[in-house]
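Every number here is computed from the coordinates shown, using simple stated rules; none is lab data. None of the values given here were measured: they were computed from a predicted structure. Here the Cβ is made from the backbone with ideal geometry for all residues, glycine too, and neighbour counts use every protein chain on show.
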Amino acid sequence: MSRQIPPLSRERSRIRLISGRIREQRKRVEAPLRRGVLLVPATITSLGLLAGFYSIVCSINGHFELAALMITVAFFCDGLDGRVARASRTQSQFGVEYDSLSDVVAFGAAPAILAYTWALRPVGSLGVAVSGLFIVCAALRLARFNVQTGTVDKRRFVGLPVPGAAVMVAGSALAYSYFEFESPRTLCAVMAPLTLALGGLMISRVPYPSFKGMAIRRRAQLELIPVVIVVAAFLFAMPQLTAFLLATAYVLSGPALMAHGERMAVKTPVVRPVAAERANDAPATAGASAQSGESAARSTRPMSEDPGAR
C-alpha cells in the first residue's frame, strides 16, 4: 500500500520550492546590478587618475593654471569615490589598492612635475632632485597608510595626506596666477623649501585632522551654515586665492595640533617580515637521504619553531 503525503507537507514543500526559485531569480537580477554599483567608485577613481595625467600634460605644455585646476579636480574625485563606496557598501581591497595607485599619479607625479616646470626649472638638477623627493615621499606616505589602516585613530592622519600636499602645490600655482607675480627667482626661492617641507610632512608623524569619521550633529549644522556660506562666497568670488588659503590652513593645522600636545602612537610597524620561506627554498644537502628528509621536515615547520630561522 502506497503512503500518501499529507496535504500540509505537500504545501510546505511547494512553498520551499517557490522560495528557492525566488531566491535564485533574485540572485540573477541582483548580481549584474551589484557589479554595476561596484564600477561606480572605480569609475570615479579613474576620472581622478585621468585628471592627474592631464595635469602632467598641461604642465609639460606650460599651462600651469589648468594643471593646478586638474589636480583640484582629482582631489574632489578622491574624496568622492570613498564616500560612494561606503554609502553603497561596495568597499573592496581592489578599490583601496587602485585608489593608492591613482593617488601616486594624481597627487605625487602631477604636483611634482607642476612644481618643477612652473617654479624649479631655473635651478636645474636641484629642482629635479626636489621634485623627485616629493614623489618618493608621496609614495612612501601612501604605502604607510595602506599598512597602518585600522591601527591608528580614525579622527587623525599620520602625517600630511598626499592630496593635501598636492592641493597645496596647486593652490600656490593658482595664487601666483591670481596676483600676476612675475618674479621667477623669488618663486624658485619659495617653492624649493616649500616642496621639501611638504615632502617631509607627508612622511612625518605629525597629526592631521581627518574628516571621514566626523559626525555633524543637528545643532552643529545650524552653526556651520554661515561658515559654509562665507567659504562658498569666497570660492565663487576668488576661487584661486580661496583654494590657496584653505590648503595653507590645512597644512598648518598639523603643526598646530602637535603644538597643543597631540602625538600619534602607531601600533603596527611599517616594515615587518613577510610570511615564512617556502619549503622548496630550503637548501637540500647532497648527502644521505636521511639528512635531506630532516632538512625538509625542518623547513615545513613554522618560523617561530625553527631554531635556525632568522
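Take the Cβ atoms of Leu196 and Arg89, set R0 to 45 Å, and the FRET efficiency comes out at 0.65.
By the count of other C-beta atoms within 10 Å, a proxy for reagent exposure, Tyr208, Tyr54 are ordered fewest to most as Tyr54, Tyr208.
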